[in-house]
Structures are given as C-alpha cells and as structure tokens.
Amino acid sequence: MPDTHRTCEVCGIKERHLNEKRFFARFPLDVNRCKEWVKIVGKEDLAYLQVHMLHDLKHVCEVHFSRRDFTKSKKRLKKRAVPKLNLTPPPLRDEILFQFLQLNSQADVTPQGQFEVQAVPSDSMPASSSQHSSLEKMDVTPQGQFEVQAVPSASMPTSSSQSSSLEKNVTTRSQQKESESQIRKRKLEDVDVTPRKRKLLSELRKTKCTLASLKKSAKLIDNLSSEFLKEIVTSALKNQKLNPVEMAIDLYFTAGSAPCRVVLLVAAALDLQLNLKPLNLWEREQLQADFLKLNPQHTVPTIVDEGFPLWESRAISRYLVNKYGGDSSSLYPKDLMARALVDQRLDFDIGTLYPRFAQYFYPQVFGGAKPDAAALKKLEEALVFLNAFLEGQKYVTGDVLTIADLSLVATISTIDAAEISLKSYPNVEKWFELMKTTAPDYQNANQKGIDEFKKLIAQMKAKTEL
C-alpha cells in the first residue's frame with residue numbers, strides 16, 4: 001500500500017494531510033505484541049483482523065510513542081515498543097482480545113508461531129486417511145464451504161511421509177491471498193453468517209449509519225476496519241444504485257466567512273464530501289424563499305444532510321463528528337471531561353474571542369469608523385486568555401487536535417488577516433503555525449477563504465477612503 005495512504009488508527013490523522021514528515025509504525029507480526037497494540041488502540045474492529053492484515057494495512061503515528069520507544073536515529077521502533085501516549089479510546093475488554101487470539105491461533109506463521117493456516121475448498125480436495133492423520137481440522141463454517149486446516153510449519157520436524165502429504169496440501173502465501181480475495185468477492189447472500197459477522201452487523205445498526213450517509217464519501221467505506229463490513233456496505237450500495245452527487249451534504253456558505261471555514265475544516269478532517277452552494281450576501285440571496293424555508297434566520301453556514309437542515313457552525317461541527325466521526329474520533333472525544341473542555345473552548349471562541357474581534361474590526365471595514373481603543377483592549381484580553389490556554393500544550397485542549405482547534409484557527413487566521421499582530425502571544429503564534437501544517441487540507445478549507453477575506457477588506461477600505 002502506498003505510503004501516502006497511511007492513517008493513524010489512534011488519532012485518525014492521514015499522512016497525505018500532513019505537511020511535516022511523521023513516522024508511521026506498522027502493527028507487529030508477533031501475535032502477543034500485536035494483541036497489546038490492538039488492546040491499547042481500542043478499536044474493536046481491529047480485533048477481527050488477522051495479524052498479517054494488521055501488519056500490512058494498519059499504522060500508529062509517532063505521537064503515541066515515547067522517545068524511549070525509538071532507536072537513536074528515530075527511523076525505527078524498538079522491538080518491545082507499545083503505543084501509550086494520547087490514547088483517547090478505552091482499552092479493549094479481555095473477551096474481545098480472546099476472540100483476537102482465537103482468530104490468530106489459526107493465522108499464518110508469526111515469529112513465535114507453530115502453525116500455518118490454509119483456506120481450502122472442502123469439496124475440491126478429498127483427503128486420504130493418511131492426510132487426515134497429518135492435518136488437524138481447526139474450523140468448519142456452518143455451510144461447509146471452507147475448511148481451515150492447521151499444518152505444521154517448516155520449523156517443526158516432520159517425517160518423510162508427512163512431508164510428502166504436506167507438499168500436496170500446503171499452498172503458497174500468494175495462493176492463500178488469492179483464495180482470501182475470492183472469498184471477499186463472493187456475493188453477499190452466499191456469505192455464511194457466523195457470530196462474529198452478526199456482531200459486526202449489530203455494531204453497524206448501533207451507529208445508526210445509513211447507506212446514504214456512507215455513499216457521501218467513498219473514503220468512509222475505505223476506512224472501515226472490517227473487510228466483511230466493507231463488503232456488506234459496498235454490496236448494498238451497488239444494489240441501491242445511489243448517486244454520490246445527490247447524496248452529498250449541502251453546505252450553504254460564503255467565501256471568506258470564518259464560521260463557514262470552521263465547517264469546511266471539520267468536513268476535511270472527517271473526509272466528508274460537501275456539495276458547496278455559495279450565497280452572495282451582498283445580493284441578498286440568503287433572503288430567497290427556498291433558503292428561508294431551510295433556515296428562517298437566513299444565516300451561513302447552513303447544511304442540509306438527508307433533508308435535515310442545521311445552522312450555527314459549532315453546532316454543525318458537533319453534529320458532523322457525532323454522525324460521521326465514529327466512536328473513536330478524537331476530534332470530539334467521548335470522555336465527559338475531555339468533551340466538556342472542547343465545548344468550553346468552542347464557547348470561548350463563539351462567545352468571547354470572535355465577537356470581540358468583530359466589535360473592534362468590522363465597524364472600521366464596513367462603516368468607516370475609527371479604531372476603538374476600548375474594543376481593541378477587550379480583544380487583546382481575549383487573546384491573552386487563549387495564550388494561557390495553550391501554555392505547555394500542543395493544541396487548545398491538550399496534545400490531540402479537536403474541533404475546538406479547527407474553530408479557533410478560523411478565528412485566529414481572520415484576526416491575522418486583519419493585520420492584528422499576534423507577536424505578544426507566543427503560544428498562540430506557535431499553535432497557529434502548527435495548525436497550518438496539521439489541520440487536514442488547511443489550504444483549501446481555510447487559506448482560500450482567508451485570501452477571499454483579504455480581498456474583501458481591500459475593497460471595503462477602498463470604498464470608505466473615497
């Protein structure tokens with residue numbers, strides 16, 4: 001898999017969204033070590049994947065390891081390294097990990113393994129009595145379509161008779177992968193429903209995730225950890241023949257608006273597809289009858305998701321993460337105190353920082369008023385508060401990016417565009433530079449709007465100076 005598609009299973013950051021180089025560690029091949037990683041990462045779907053699939057497809061980024069976990073060059077992890085920093089989901093329960101161990105007791109040879117596993121069509125390879133004595137059947141699916149057989153690995157001594165029988169039955173790794181691929185391609189109605197698969201279907205229902213919502217972004221399907229769940233969704237979508245353009249979330253917005261940029265930043269962090277519908281407020285398009293039916297307050301941003309209209313940028317942000325972020329999303333954590341802190345920072349932005357900026361700056365731009373020293377002092381006080389929030393922290397609530405950061409960076413970038421200096425607030429300056437490189441798709445989601453805002457400022461100043 002290309003490096004540009006690596007994603008951290010803990011914080012969800014995607015390598016293609018990073019402007020800085022970051023180390024992404026593979027899940028280990030050793031079953032016991034891999035079990036510890038799965039437990040700590042806390043994503044239940046990982047417990048239903050075999051070790052070799054975890055190793056090939058899943059990663060954890062460097063922010064979840066301590067410096068001691070790396071070699072001096074920081075290009076490799078030490079053998080016993082386990083992620084332990086900035087872990088938002090709770091560890092998996094022992095019963096789930098037991099299922100993981102059961103699944104991988106039938107997996108390919110690991111560094112400490114003793115058996116290799118084959119998926120062999122049960123009716124295509126009749127076994128002789130001598131073969132049955134050398135091959136121990138480990139599991140048979142309810143419909144008897146496939147058998148999983150444990151075969152002594154090359155590290156175990158075998159007799160010549162055993163070797164001759166094994167040579168006829170042991171498939172190569174490439175053949176096994178081809179067999180697994182064929183299994184995944186089987187029609188949905190032909191797949192036997194084991195307890196594991198029923199559990200995955202139950203989890204999908206619990207999330208209240210609809211086919212329409214999944215269709216809005218193919219990346220949501222790609223990010224599903226379970227291959228079986230991905231198969232179910234893909235097959236169902238093909239049967240439904242949904243139009244991805246019709247099912248996208250509508251966003252009514254104005255280029256340059258800080259609240260609209262908050263929604264764009266959150267959508268980028270979630271990899272959501274948006275159907276952008278610009279409104280020209282100067283032409284009073286927000287007062288058209290069709291839009292007033294959606295939003296009687298005629299404000300932007302406004303979204304329409306499956307016929308459900310919602311406005312106010314921070315409410316939209318919470319809604320999008322709650323619906324599309326998954327149970328393990330760190331953008332809006334489930335932990336009560338962590339979420340309360342995110343809410344406090346969001347309320348500080350919408351109730352203190354942004355209003356004080358608007359009260360100071362907008363009368364000058366849109367009304368030609370002179371700068372108000374008292375209003376500037378109130379804005380500076382709010383920036384002092386934000387600087388204090390960031391003391392000793394990477395982001396505004398700790399070491400993990402949240403929707404509070406995405407909301408506040410839209411405001412701070414607007415303040416910066418208005419040529420209000422941030423030099424007196426070193427923590428804010430440092431955080432602002434970090435956000436430019438770590439906020440997903442910052443250039444398109446925020447910087448383009450800032451450039452539009454600067455153009456607007458220049459136009460309005462030109463009018464007021466005449």
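The values are calculated or read from the model by the stated rules, or taken from the named source; none is laboratory data. Because the structure is predicted, anything quoted here is derived from the model rather than measured. As a convention, Cβ positions derive from the backbone with ideal geometry for all residues, glycine included, and neighbour counts pool all protein chains shown. Each accessible area value is taken on the protein alone, full model and side chains, heavy atoms only, with ligands, DNA and RNA left out. Shrake-Rupley method; radii C 1.70, N 1.55, O 1.52, S 1.80 Å.
Taking the range 60-82 as the range and being of a type in the set (Gly, Ala, Ser) and either open to solvent by less than 60 Å² (accessible area, probe 1.4 Å) or assigned to a strand (DSSP E or B) (or both) as the test, the residues that pass are Ser66, Ala81. Applying the condition of being out of contact with any Phe, Trp or Tyr (no Cβ under 7 Å at 6 or more places or on another chain), open to solvent by less than 30 Å² (accessible area, probe 1.4 Å) and not in a loop (DSSP other than H, G, I, E, B) to the range 39-59 and asking which residue is nearest to Leu85 (Cα to Cα) yields Val41.
For the range 425-437, check the following and say yes or no: at least one residue is surrounded by 18 or more Cβ atoms within 10 Å (Cβ to Cβ), among the β-branched types (Val, Ile, Thr) and at pLDDT 95 or above. Yes, because at least one residue in the range 425-437 is surrounded by 18 or more Cβ atoms within 10 Å (Cβ to Cβ), among the β-branched types (Val, Ile, Thr) and at pLDDT 95 or above. Of all residues in the range 281-321, count the ones that are assigned to a loop (DSSP other than H, G, I, E, B), in contact (Cβ under 8 Å) with a residue 12 or more places away in the chain and farther than 23 Å from Val396 by Cβ. Residues in the range 281-321 being assigned to a loop (DSSP other than H, G, I, E, B), in contact (Cβ under 8 Å) with a residue 12 or more places away in the chain and farther than 23 Å from Val396 by Cβ: 6 in total. Can you spot a residue in the range 400-422 that is open to solvent by 40 Å² or more (accessible area, probe 1.4 Å), touching a helix residue (DSSP H, G or I) at 6+ places or on another chain (Cβ under 7 Å) and outside any helix (DSSP H, G or I)? Looking for residues that are open to solvent by 40 Å² or more (accessible area, probe 1.4 Å), touching a helix residue (DSSP H, G or I) at 6+ places or on another chain (Cβ under 7 Å) and outside any helix (DSSP H, G or I), one finds none in the range 400-422, hence no.
So that you can scan it fast, the table gives a plain yes or no per residue for (1) part of a helix (DSSP H, G or I); (2) open to solvent by 70 Å² or more (accessible area, probe 1.4 Å):
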site	(1), (2)
Lys323	yes, no
Ser330	no, no
Pro333	no, no
Asp347	yes, yes
Tyr362	yes, no
Lys370	no, yes
Glu391	no, yes
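Keeping to the range 438-466, report how many residues are among the β-branched types (Val, Ile, Thr) and modelled with pLDDT of 90 or more. Lay out the reasoning, then the answer.
Within the range 438-466, the subset among the β-branched types (Val, Ile, Thr) is 438, 450, 457, 464.
Going one step further and asking which of them are modelled with pLDDT of 90 or more, we end up with 438, 450.
Looking only at that region, the number is 2.
Apart from one condition, Gln286 fits all of (1) in contact with a His (Cβ under 7 Å, 6 or more places away or on another chain); (2) surrounded by fewer than 17 Cβ atoms within 10 Å (Cβ to Cβ); the exception is (2).
For the criterion of being over 17 Å from Gly325 (Cα atoms) and in a loop (DSSP other than H, G, I, E, B), Glu36 fails. Here Glu62 fulfils each of the conditions (1) within 20 Å of Ile96 (Cα to Cα); (2) within 18 Å of the chain's Cα centre (by Cα) apart from (1).
Here Pro91 meets the list (1) surrounded by fewer than 17 Cβ atoms within 10 Å (Cβ to Cβ); (2) at pLDDT below 80; (3) in a loop (DSSP other than H, G, I, E, B); (4) of a type outside the set (D, E, K, R) almost entirely, failing just condition (2). Considering the conditions (1) part of a loop (DSSP other than H, G, I, E, B); (2) open to solvent by 20 Å² or more (accessible area, probe 1.4 Å), Val10 is excluded by exactly one of them, (2).
Is there a residue being of a type outside the set (S, T, N, Q) and open to solvent by 50 Å² or more (accessible area, probe 1.4 Å) anywhere in the range 443-450? Walk me through how you get there before you give the answer.
Filtering the range 443-450 down to residues of a type outside the set (S, T, N, Q) leaves 445, 448-450.
Right, trim to open to solvent by 50 Å² or more (accessible area, probe 1.4 Å) and you get 448.
Yes, the range 443-450 contains a residue that is of a type outside the set (S, T, N, Q) and open to solvent by 50 Å² or more (accessible area, probe 1.4 Å).
Could you check, for the range 14-37, whether at least one of its residues is among the β-branched types (Val, Ile, Thr) and surrounded by 21 or more Cβ atoms within 10 Å (Cβ to Cβ)? Within the range 14-37, none of the residues are among the β-branched types (Val, Ile, Thr) and surrounded by 21 or more Cβ atoms within 10 Å (Cβ to Cβ). Name the residue that is least open to solvent (accessible area, probe 1.4 Å), counting only residues in the range 296-309 that are touching a helix residue (DSSP H, G or I) at 6+ places or on another chain (Cβ under 8 Å) and over 17 Å from Ala258 (Cα atoms). For the range 296-309, the residue satisfying everything is Asp305.
Looking at the range 457-466, which of the residues that are surrounded by fewer than 16 Cβ atoms within 10 Å (Cβ to Cβ) and not polar (S, T, N, Q) is farthest from Leu379 (Cα to Cα)?
First pass over the range 457-466, keeping only residues surrounded by fewer than 16 Cβ atoms within 10 Å (Cβ to Cβ): 458-459, 461-466.
Applying the additional criterion that residues be not polar (S, T, N, Q) yields 458, 461-463, 465-466.
Details: Ala458: 22, Lys461: 21, Ala462: 25, Lys463: 26, Glu465: 25, Leu466: 28 Å.
Checking each candidate, the answer is Leu466.
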